1. Based on this model, can you work out whether residue 12 counts as surrounded by 10 or more Cβ atoms within 10 Å (Cβ to Cβ), modelled with pLDDT of 95 or more and of a type in the set (Asp, Glu)?
2. For a quick check of your reading of the model, give me the residue pairs whose first member lies in the range 1-24 and is of a type in the set (A, V, I, L, M, F, W, C), whose second is surrounded by 10 or more Cβ atoms within 10 Å (Cβ to Cβ) and modelled with pLDDT of 95 or more, with beta-carbon atoms closer than 8 Å and at least 6 apart or on different chains.
3. Could you tell me whether any residue of the range 31-41 is surrounded by 10 or more Cβ atoms within 10 Å (Cβ to Cβ) and either modelled with pLDDT under 95 or in contact with an Asp or Glu (Cβ under 8 Å, 6 or more places away or on another chain) (or both)?
4. Those residues that are assigned to a loop (DSSP other than H, G, I, E, B) and among the aliphatic types (A, V, I, L, M), I need them from the chain; list them, please.
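The values are calculated or read from the model by the stated rules, or taken from the named source; none is laboratory data. Note that the structure is a prediction, hence the values are computed from the model and not measured. Backbone-built Cβ (ideal geometry, glycine too); neighbour counts: all protein chains shown.
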Amino acid sequence: MFAPGQEMLSKEEIRAGEEQARQTIQTAITGGILLYLSPFAVDFVKKFL
């Protein structure tokens with residue numbers, strides 16, 4: 001409330017932050033999909049063993 005204002009970020013810093021956020025979201029979605037599909041993959045492999 002009484003702290004001084006934040007300094008403005010450059011366009012490059014904003015783009016870098018957006019890219020990092022995009023990669024984080026993409027990784028989380030990919031991880032979720034892999035975790036969802038992993039039981040099916042385990043069952044598939046068990047059929048062949």
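1. no
2. 9/17
3. yes
4. Scanning the chain gives 1, 3, 8, 9, 49.
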